[in-house]
Amino acid sequence: MHMRRSRTLELLRAGKSVLSVKLNSKDPRILEIAAMMDFPCIWVDVEHTANDYYVTENQINTGKIYDTDVLVRVPRGSYSDYIRPLELDASGIMVPHVMSAEDAASVIRMTRFYPIGRRPVDGGNADAKFGCISQAEYNRQANEQRFIILQIEDPEAMERIDEIAQVPGYDILFYGPGDYSHSIGHSGDMNHPDVVKGFERVASAARKYGKFAGTVGSMENAQSRLDMGYQFVNIGADVAGLCG
């Protein structure tokens with residue numbers, strides 16, 4: 001028996017790009033609408049919203065109906081905060097504000113099974129077909145079919161970008177220009193030279209160390225992000241659409 005494959009990883013490993021959309025709302029019907037538009041990946045947020053894991057579980061299950069990956073941005077916390085979405089059968093997690101190679105290695109240790117990391121094993125949840133996949137196969141397939149994203153959002157991390165990028169065990173190095181612009185004193189200015197330079201540095205570091213590069217954009221600038229070397233681009237959000 002096999003775990004559900006990740007469409008995101010399948011596309012990226014085939015040399016193709018992935019566009020996603022971000023949801024702050026909790027209603028799985030909103031996610032269903034996005035999934036009907038054939039997004040291969042939908043990003044739901046637990047870092048900045050009051051959504052609990054019952055909400056997340058419903059969102060993941062809705063995505064599975066349409067063969068759509070659900071990516072969960074987790075809050076910084078313990079290993080339980082990181083692995084619970086994966087056990088609910090999320091296709092990937094995004095860990096915000098990774099600050100150093102040591103920080104990145106700690107995330108990998110908590111979220112990857114042996115021999116890559118030391119993620120605690122249960123196997124009785126949705127991702128392992130509620131115990132129907134053998135432990136050895138579950139561990140192997142989870143390492144292969146679930147993706148880990150490290151988010152770069154701070155000048156301290158940018159100074160160590162090469163050290164972070166070369167840490168083994170994760171899949172996508174993700175540039176968060178919103179928090180980065182704020183942290184350098186130019187909040188929201190996506191065209192500031194230092195913010196633009198950040199786009200270039202993260203894409204370059206990911207490419208140099210054999211990782212996929214991810215970031216945010218829009219329908220208007222998605223192609224320019226892809227041209228910079230990004231393979232994963234989030235092009236919008238439910239709240240942005242409502243305000244626009």
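The values are calculated or read from the model by the stated rules, or taken from the named source; none is laboratory data. This structure is a prediction, so every number in the text was calculated from the model and none was measured. Here Cβ is always computed from backbone atoms with ideal geometry, including for glycine, and neighbour counts include all displayed protein chains.
When Gly236 is tested against (1) in contact (Cβ under 8 Å) with a residue 40 or more places away in the chain; (2) more than 27 Å from Gln166 (Cα to Cα); (3) surrounded by fewer than 15 Cβ atoms within 10 Å (Cβ to Cβ), just one condition goes unmet, and that condition is (3). Restricting Ile42, Ile83 to residues that are within 19 Å of Gly241 (Cα to Cα), crowded, with 20+ Cβ neighbours inside 10 Å and under 17 Å from the mean Cα position of the chain (by Cα) narrows the list to Ile42.
Out of everything in the stretch 9-33 that is of a type in the set (A, V, I, L, M, F, W, C) and surrounded by fewer than 17 Cβ atoms within 10 Å (Cβ to Cβ), what residue ends up being farthest from Gln223 (Cα to Cα)? Break it down into steps so the answer makes sense when it comes.
Going residue by residue through the stretch 9-33, those that are of a type in the set (A, V, I, L, M, F, W, C) are 9, 11-12, 14, 18-19, 21, 23, 30-31, 33.
Next, from what is left, pick out any that are surrounded by fewer than 17 Cβ atoms within 10 Å (Cβ to Cβ): 14, 33.
Details: Ala14: 18, Ile33: 24 Å.
By that ranking, first place goes to Ile33.
Considering the stretch 18-59, the residues that are free of Cβ contacts under 8 Å to residues at least 40 places away in the same chain and β-branched (Val, Ile, Thr) include one that is nearest to Thr8 (Cα to Cα), namely Ile42. Exactly one residue out of Val95, Val107, Val121, Val70 is crowded, with 23+ Cβ neighbours inside 10 Å, farther than 25 Å from Glu200 by Cα and of a type in the set (A, V, I, L, M, F, W, C): that is Val70. With respect to the conditions (1) touching a helix residue (DSSP H, G or I) at 6+ places or on another chain (Cβ under 9 Å); (2) crowded, with 16+ Cβ neighbours inside 10 Å; (3) under 22 Å from Asp162 (Cβ atoms), Leu88 lacks only one, and its number is (3). When the stretch 172-202 is examined, which residues are found to be under 23 Å from Thr8 (Cα atoms) and surrounded by 21 or more Cβ atoms within 10 Å (Cβ to Cβ)? Scanning the stretch 172-202 gives Ile172, Leu173, Phe174, Tyr175, Gly176, Pro177, Phe199, Val202. Annotation note: Cβ proximity below 6 Å between a residue of the stretch 104-131 that is closer than 17 Å to Phe147 by Cβ and a residue that is modelled with pLDDT under 95 (sequence gap 6+ or interchain) occurs for Met110/Tyr79. Within the stretch 47-59, the only residue that satisfies the criterion of being at pLDDT 95 or above and either under 21 Å from Ile235 (Cβ atoms) or assigned to a strand (DSSP E or B) (or both) is Gln59.
Scanning the stretch 32-50 for residues that are touching a strand residue (DSSP E or B) at 6+ places or on another chain (Cβ under 9 Å) and farther than 22 Å from Pro96 by Cα turns up Ala34, Ala35, Met37, Phe39. You will find that of Met36, Met99, the residue that is of a type outside the set (Gly, Ala, Ser), more than 30 Å from Met219 (Cβ to Cβ) and modelled with pLDDT of 95 or more is Met99 and no other. If you go through the stretch 60-89 and keep only what is in a loop (DSSP other than H, G, I, E, B) and free of Cβ contacts under 8 Å to residues at least 40 places away in the same chain, you end up with Tyr66, Val74, Pro75, Arg76, Gly77, Ser78, Leu88. Taking Ile164 as the residue in question, decide whether it is over 20 Å from Thr8 (Cα atoms) and either not in a helix (DSSP H, G or I) or not polar (S, T, N, Q) (or both). Spelling it out, Ile164 is indeed over 20 Å from Thr8 (Cα atoms) and either not in a helix (DSSP H, G or I) or not polar (S, T, N, Q) (or both).
Any residue in the stretch 161-189 that is within 9 Å of Leu150 (Cβ to Cβ) sitting within a Cβ distance under 7 Å of a residue that is in a helix (DSSP H, G or I) and of a type in the set (Val, Ile, Thr)? List the pairs, counting only those 6 or more apart or interchain. The qualifying pairs are Val167/Ile108; Tyr170/Ile108; Leu173/Val202.
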